[in-house]
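Step one of this worksheet: look at the structure below.
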(Lines give C-alpha, C1' and ligand atoms only; values in the text may rest on other atoms or scores of the structure.)
Protein backbone atom coordinates (compact mmCIF):
# COMPACT_ATOMS: atom_id res chain seq x y z
CA UNK A 1 0.00 0.00 0.00
CA UNK A 2 1.30 3.43 -0.91
CA UNK A 3 0.99 5.70 2.13
CA UNK A 4 2.77 8.70 0.59
CA UNK A 5 0.70 11.90 0.41
CA UNK A 6 1.25 15.43 -0.84
CA UNK A 7 -0.11 18.15 1.43
CA UNK A 8 -1.06 21.61 0.16
CA UNK A 9 -0.83 24.45 2.69
CA UNK A 10 -1.52 28.05 1.64
CA UNK A 11 0.36 30.68 3.67
CA UNK A 12 -0.22 34.41 4.06
CA UNK A 13 3.35 35.41 3.22
CA UNK A 14 6.93 34.24 2.70
CA UNK A 15 7.86 34.55 6.39
CA UNK A 16 5.00 32.30 7.47
CA UNK A 17 5.80 29.83 4.69
CA UNK A 18 9.47 29.62 5.65
CA UNK A 19 8.64 29.24 9.34
CA UNK A 20 6.18 26.40 8.69
CA UNK A 21 8.59 24.73 6.27
CA UNK A 22 11.33 24.67 8.89
CA UNK A 23 8.99 23.38 11.59
CA UNK A 24 7.57 20.60 9.40
CA UNK A 25 10.94 19.32 8.20
CA UNK A 26 12.63 19.64 11.61
CA UNK A 27 9.78 17.75 13.31
CA UNK A 28 9.99 15.05 10.59
CA UNK A 29 6.38 15.67 9.62
CA UNK A 30 7.48 16.34 6.04
CA UNK A 31 10.47 14.96 4.19
CA UNK A 32 10.47 17.85 1.73
CA UNK A 33 8.51 21.07 1.37
CA UNK A 34 8.43 23.17 -1.78
CA UNK A 35 6.95 26.66 -2.06
CA UNK A 36 5.69 28.90 -4.82
CA UNK A 37 3.71 32.12 -5.16
CA UNK A 38 0.01 31.86 -5.97
CA UNK A 39 -2.98 34.15 -6.35
CA UNK A 40 -6.15 32.92 -4.64
CA UNK A 41 -9.77 33.93 -5.13
CA UNK A 42 -12.11 32.58 -2.48
CA UNK A 43 -15.28 33.18 -0.51
CA UNK A 44 -14.72 34.26 3.12
CA UNK A 45 -17.47 35.40 5.49
CA UNK A 46 -19.91 35.89 2.62
CA UNK A 47 -17.57 38.01 0.49
CA UNK A 48 -15.34 37.26 -2.48
CA UNK A 49 -11.73 37.89 -1.49
CA UNK A 50 -8.40 37.79 -3.30
CA UNK A 51 -4.94 37.24 -1.87
CA UNK A 52 -1.36 36.73 -2.95
CA UNK A 53 -0.17 33.71 -1.00
CA UNK A 54 2.65 31.20 -0.80
CA UNK A 55 1.64 27.58 -1.44
CA UNK A 56 3.55 24.89 0.37
CA UNK A 57 3.67 21.40 -1.08
CA UNK A 58 4.78 18.95 1.60
CA UNK A 59 5.66 15.31 0.97
CA UNK A 60 4.86 13.02 3.88
CA UNK A 61 3.18 9.80 4.99
CA UNK A 62 -0.51 9.52 5.78
CA UNK A 63 0.11 8.53 9.40
CA UNK A 64 1.81 11.92 9.96
CA UNK A 65 -1.27 13.91 8.94
CA UNK A 66 -2.83 14.43 12.40
CA UNK A 67 0.46 15.76 13.82
CA UNK A 68 1.10 17.85 10.71
CA UNK A 69 -2.37 19.38 10.98
CA UNK A 70 -1.88 20.19 14.68
CA UNK A 71 1.47 21.89 14.02
CA UNK A 72 0.12 23.93 11.11
CA UNK A 73 -2.95 25.05 13.06
CA UNK A 74 -0.77 26.05 16.03
CA UNK A 75 1.59 28.22 13.95
CA UNK A 76 -0.60 29.46 11.07
CA UNK A 77 -2.06 32.96 10.93
CA UNK A 78 -5.35 31.95 9.26
CA UNK A 79 -8.48 31.00 11.23
CA UNK A 80 -9.04 28.17 8.73
CA UNK A 81 -5.73 27.22 7.07
CA UNK A 82 -5.80 25.14 3.91
CA UNK A 83 -4.46 21.68 4.76
CA UNK A 84 -5.35 19.25 1.97
CA UNK A 85 -3.71 15.84 1.50
CA UNK A 86 -3.69 14.10 -1.87
CA UNK A 87 -2.64 10.45 -2.18
CA UNK A 88 0.34 9.71 -4.39
CA UNK A 89 -0.57 7.08 -6.98
CA UNK A 90 3.00 6.17 -7.78
CA UNK A 91 6.51 7.07 -6.63
CA UNK A 92 9.82 5.57 -7.70
CA UNK A 93 11.22 3.01 -5.29
CA UNK A 94 14.29 5.12 -4.58
CA UNK A 95 12.25 8.28 -3.86
CA UNK A 96 9.80 6.40 -1.63
CA UNK A 97 12.71 4.87 0.31
CA UNK A 98 14.36 8.29 0.70
CA UNK A 99 11.10 9.84 1.91
CA UNK A 100 10.51 7.12 4.52
CA UNK A 101 14.12 7.35 5.69
CA UNK A 102 13.89 11.15 6.01
CA UNK A 103 10.84 10.79 8.27
CA UNK A 104 12.37 8.16 10.61
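In segment 83-93, the residue that is farthest from residue 59 (Cα to Cα) out of those that are out of contact with any helix residue (DSSP H, G or I) (no Cβ under 9 Å at 6 or more places or on another chain) and surrounded by 10 or more Cβ atoms within 10 Å (Cβ to Cβ) is 84.
Residues in segment 52-69 include none that are part of a loop (DSSP other than H, G, I, E, B) and under 12 Å from the mean Cα position of the chain (by Cα). Remark: residue 30 falls outside the filter, which requires a residue to be under 11 Å from the mean Cα position of the chain (by Cα), more than 24 Å from residue 2 (Cα to Cα) and either without any contact (Cβ under 8 Å) to a residue 24 or more places away in the chain or not in a strand (DSSP E or B) (or both). Name the pairs whose Cβ atoms lie under 8 Å apart, with the first residue in segment 52-67 and over 19 Å from residue 90 (Cα atoms), the second at pLDDT below 95 and outside any strand (DSSP E or B), and 6 or more positions between them or separate chains? Cβ pairs passing all conditions: none.
Which residues, counting only those in segment 9-43, are more than 28 Å from residue 97 (Cβ to Cβ) and either modelled with pLDDT under 95 or touching a helix residue (DSSP H, G or I) at 6+ places or on another chain (Cβ under 6 Å) (or both)? Result: 11, single match. Would you check if residue 49 is assigned to a strand (DSSP E or B), without any contact (Cβ under 8 Å) to a residue 24 or more places away in the chain and exposed (fewer than 14 other Cβ atoms within 10 Å of the Cβ)? Yes.
The values are calculated or read from the model by the stated rules, or taken from the named source; none is laboratory data. Given the structure is predicted, the values throughout are model-derived calculations rather than measurements. Virtual Cβ from ideal backbone geometry, glycine too; neighbours counted across all protein chains shown.
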